[in-house]
Amino acid sequence: MPLIPDAPKPTPAELDLLQVLWPLGAATAKQVHEAMLPQRPDVTYSTVLRLMQVMHTKGLLGRDESERSHVYTPIHERDALQGNLLNDLMQRAFSGSAKALVLAALKSGISKKERAEIEQLLKDEAGK
């Protein structure tokens with residue numbers, strides 16, 4: 001995962017919004033609000049709009065103002081931003097040790113399916 005130098009760190013609420021916006025690619029606040037409602041029926045349109053405006057100011061979202069309803073897009077791809085967050089967590093909580101981070105994740109309880117996928121990934125990497 002390529003890291004993004006000096007990328008802003010999203011808050012938990014901003015990360016929730018990005019999880020909705022990444023698959024959409026580009027969307028208005030109304031579209032994002034509608035997409036968020038099944039998981040977050042308590043979230044209001046005005047909250048989503050304000051959060052997207054803040055995220056634009058922080059440099060997390062781009063904004064096309066050519067239409068009446070502004071269209072927002074994530075500035076950073078999911079993998080790149082997740083890489084930054086993972087690297088930050090690894091540095092702060094695990095003294096920079098990827099091994100310690102992975103072991104903690106494995107001990108936290110993963111499903112049999114996830115374990116099989118991880119084992120297959122490790123086998124594939126070893127075979128290269």
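Measure off, as a whole percent, the carbon and sulfur share of the 1.4 Å-probe accessible area of the chain, all protein chains present. Intermediate results must be reported in sequence, preceding the final value.
Details: 4830 of 8720 Å².
Heavy-atom surface of the chain belonging to carbon and sulfur, 1.4 Å probe: 55 percent.
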Please compute the contact order of the range 1-114 in relative form: average sequence separation of alpha-carbon pairs under 8 Å and at least six residues apart, divided by the residue count, as a percent.
29 percent
Once you charge only the Cβ atoms, +1 for Lys and Arg and -1 for Asp and Glu, what is the size of the charge dipole of the chain about its Cα centre, to the nearest 20 debye?
360 debye
Stretchable slack from Arg63 to Leu37, in nm (0.36 nm times residue separation minus alpha-carbon distance)
7.1 nm
Size of charge dipole - the range 23-86 - debye, nearest 20, with Cβ of Lys, Arg +1 and Asp, Glu -1, no other charges
180 debye
Among the listed pairs Lys30/Lys58; Lys58/Lys107; Lys9/Lys99; Lys9/Lys112, which are separated by more than 29 Å between their Cα atoms?
Lys58/Lys107; Lys9/Lys112
Pick out, from His33, Leu122, Leu81, the residue whose Cα sits farthest towards the positive end of the charge dipole of the chain, with +1 on the Cβ of Lys and Arg and -1 on the Cβ of Asp and Glu.
Leu122
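The values are calculated or read from the model by the stated rules, or taken from the named source; none is laboratory data. These figures come from a predicted structure and were not determined experimentally. Here Cβ is always computed from backbone atoms with ideal geometry, including for glycine, and neighbour counts include all displayed protein chains. Areas reflect the complete protein model, heavy atoms only, side chains present, ligands, DNA and RNA absent. Shrake-Rupley method; radii C 1.70, N 1.55, O 1.52, S 1.80 Å.
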